[in-house]
Each structure stands twice: as structure tokens, then as C-alpha cells.
1. Answer yes or no as to whether Thr302 is at pLDDT 95 or above, polar (S, T, N, Q) and within 24 Å of Ala59 (Cβ to Cβ).
2. When both residues are 6+ apart or on different chains and their Cβ atoms are under 6 Å apart, which pairs have a first residue that lies in the range 164-180 and is without any contact (Cβ under 8 Å) to a residue 60 or more places away in the chain, and a second that is β-branched (Val, Ile, Thr) and surrounded by fewer than 24 Cβ atoms within 10 Å (Cβ to Cβ)?
3. Given Ala292, Ala225, Ala296, Ala310, which one is modelled with pLDDT under 95, surrounded by fewer than 16 Cβ atoms within 10 Å (Cβ to Cβ), touching a strand residue (DSSP E or B) at 6+ places or on another chain (Cβ under 7 Å) and of a type in the set (A, V, I, L, M)?
4. Any residue in the range 272-289 that's part of a loop (DSSP other than H, G, I, E, B): show its pairings with residues that are buried (at least 16 other Cβ atoms within 10 Å of the Cβ) and charged (D, E, K, R) at Cβ separation under 8 Å, as long as the two are six or more apart or on different chains.
5. Tally time: how many residues in the range 66-94 are within 30 Å of Ile141 (Cβ to Cβ) and surrounded by fewer than 19 Cβ atoms within 10 Å (Cβ to Cβ)?
6. Keeping to the range 181-207, report how many residues are over 18 Å from Thr128 (Cβ atoms), in contact (Cβ under 8 Å) with a residue 24 or more places away in the chain and assigned to a loop (DSSP other than H, G, I, E, B).
7. Taking the range 167-180, which residues are farther than 26 Å from Leu238 by Cα and either in contact with a helix residue (DSSP H, G or I) (Cβ under 8 Å, 6 or more places away or on another chain) or not in a helix (DSSP H, G or I) (or both)?
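The values are calculated or read from the model by the stated rules, or taken from the named source; none is laboratory data. These numbers come from a predicted model, not from an experiment. Heads up, the Cβs are rebuilt from the backbone with ideal geometry, glycines too, and the neighbour counts pull from every protein chain shown.
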Amino acid sequence: MGFVLPTVRFAGLALVVVLLIWAATFIVGRSRRSKRRPARAEPMPRWALPHEPALPAIAADLAQIGDLAVRAASIVGPANRSHQPGMPRQDAYRLAQDSASEHLIIAVADGALPGGRPGLGANLATTTVVNDLRRQLDLGIGLERLTAADVFGRVAQSMVDGAQLRGISMGSLYTTLVAMVIPTAPTRGGERTAWLAYLGHSSAWVNLGSRWQNLTADVTADTSATLPFQPELAAAALVDLPPKSVVAITTDGLAAAFSKLPQGQSRFAHRWRHPRSIGSFLLDVDFPADTAGTGALTDDRTAVIVWCGAA
């Protein structure tokens with residue numbers, strides 16, 4: 001009996017120790033699993049389709065041409081698809097190059113007048129202007145000889161022809177337009193000179209570290225004018241880009257975030273210091289409309305970002 005009692009006590013103590021170790025292991029394991037558990041996903045937007053067939057709500061591209069890295073995205077504004085019927089995307093962009101791959105050609109447009117067909121106007125304008133600029137570059141016409149009035153005049157005529165072909169009013173195609181031609185190779189010092197032209201409130205920017213400089217602010221054009229009616233009010237200029245420049249061509253739905261988001265300029269300057277994956281770039285452009293209670297960033301957003309010297 002003297003031998004059995006200590007044995008029973010020892011066995012009981014051992015059982016308690018085992019149970020304590022098991023409990024501790026279980027608690028630690030659950031704690032680690034909870035730390036690894038992904039954050040709850042944000043509610044998915046409940047977008048409605050437009051009443052009539054329309055272009056996709058989202059378009060995106062990435063490209064490398066010469067030493068230029070390019071990311072582009074156009075996303076319908078949150079307010080435009082949150083009710084029945086949804087509104088089609090009104091922004092548009094186009095990317096192209098000349099036959100010799102010596103120039104990147106960019107066009108961005110923001111369709112106006114929601115009661116018409118602004119998406120159609122923006123698409124007609126961007127498609128026509130990149131084709132027109134490509135044709136002139138292939139003919140050997142230098143950037144210094146390109147004129148905004150001639151280029152935008154041909155764009156306006158193409159939009160008029162498109163409206164007549166479709167039997168719709170020209171007034172339903174109102175759109176802004178900004179176009180830029182960037183050489184795909186720099187000078188020996190790393191600089192390059194680009195051609196920039198615009199009409200309306202779409203814009204082009206160059207990164208200056210933690211902020212962005214509005215290039216279109218230095219080119220005098222009527223920001224309230226739209227195509228196809230006022231092509232003569234477009235303006236163009238040659239723009240000197242320093243080595244390793246980061247250039248942004250945007251509609252006002254994205255440019256508004258520079259001023260309305262907290263640290264908006266520095267936020268995008270930081271995120272776009274280097275080329276992003278296309279998925280990450282899409283998320284950058286698809287920022288929440290009500291960030292920091294702004295409540296006003298509900299327009300379509302379009303951005304084409306070019307990193308110079310990214311080869």
C-alpha cells in the first residue's frame with residue numbers, strides 16, 4: 001500500500017501536467033491562427049448594368065516601349081453604377097506607338113453631358129487622335145511641327161462624321177481631350193522633350209518627389225471648352241521632361257484625388273515611384289469614394305502613368 005499511494009499521486013500529477021501543457025498548446029495555436037486569419041473583405045460593390053449595351057466598366061493596360069514603362073486604367077465612378085439603371089463609363093484612353101516605335105502616343109478623354117452619349121464621344125476622340133498623331137509621325141513630321149488646332153480640328157470632324165453616321169446629335173458627344181507624345185529614348189543626358197495638347201479639364205502631371213506639377217496649367221487652353229464644337233481653343237506645347245520622370249495623364253476624377261484625399265499628392269507620388277503590377281495599379285485608381293469623408297470622389301477615374309528610364 002505504501003508503494004501504490006505515491007504511484008497514484010505521481011500519475012495524477014503527471015496527468016495534470018499533461019493537461020496543462022495541452023491547454024497551453026491549444027491556446028497558443030488558436031492565438032497564432034487568429035493572427036494569420038485574413039482581414040474581413042470589404043463589401044463588394046453592387047454595380048448595376050446600363051440600360052443599353054455599353055463598354056466595360058473597367059479597362060486596363062500595361063506596356064514597355066523603349067525605356068518607358070506604362071500602366072493605364074479607366075474605372076467607372078462609384079456613383080454611376082450604384083443605381084438602376086447604371087451609367088456607362090464616360091472616360092476613355094488610348095495607347096499607341098508610331099511604326100518605328102520611337103514615340104509613345106497617349107490620349108485620355110472625359111465624356112461630358114450625362115444625358116447624351118459621353119462614353120462614345122470620349123472613345124471617338126481618343127481613337128481618332130492617336131491614329132492622327134501616328135500618321136503624322138510616320139510621315140516624318142517632328143513634334144515641333146504638330147499644332148493643336150489642326151490635330152483637334154480633325155478629331156472634331158471625325159466626331160461629327162461619327163454622329164451623322166449613327167444618326168445622333170453632335171451635342172450628345174461632348175468630351176474633353178488631352179494627348180501626349182513621349183519619345184521612347186532619352187537624349188544623352190537622360191532628358192526628353194514631349195508634345196502635349198489638351199482641351200477641357202483633363203490634365204497631365206509630372207512627379208516632383210512628394211508632389212505633382214500640373215503640366216497643362218502651363219499650357220493655356222480653355223478648360224471649359226469641349227469637343228467637337230471648339231477645337232480651335234485647344235493648345236499645345238513642347239514639355240521638357242527631366243531624367244527618370246514619372247508622368248501622369250488623367251481625367252478630373254483621378255486628379256481630384258490629388259487635392260481631396262488626405263496627403264493625396266504624396267500618397268500617389270509614393271505609390272507610383274516605381275512601376276506597379278497591373279492589379280495593384282487598378283486598386284490605386286479604384287480608391288474608395290468616401291475616403292476620409294470626402295464624399296465627392298464619385299466620378300469616373302482614368303490614369304495613364306509613364307515611368308521614363310524604366311528599362
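1. The answer is yes for Thr302.
2. Short answer, once both residue conditions are applied: Met170/Val160.
3. Ala310
4. Correct list of pairs: Trp272/Asp284; Pro275/Arg71; Arg276/Arg71; Arg276/Asp284; Asp286/Arg301; Phe287/Arg301.
5. Of the range 66-94, the ones within 30 Å of Ile141 (Cβ to Cβ) are 66-72, 74, 91-94.
If we keep only those that are surrounded by fewer than 19 Cβ atoms within 10 Å (Cβ to Cβ) too, we end up with 67.
So the answer is 1.
6. The total comes to 7.
7. Within the range 167-180, Gly167, Ile168, Ser169, Met170, Ser172, Leu173, Tyr174 meet the criteria.
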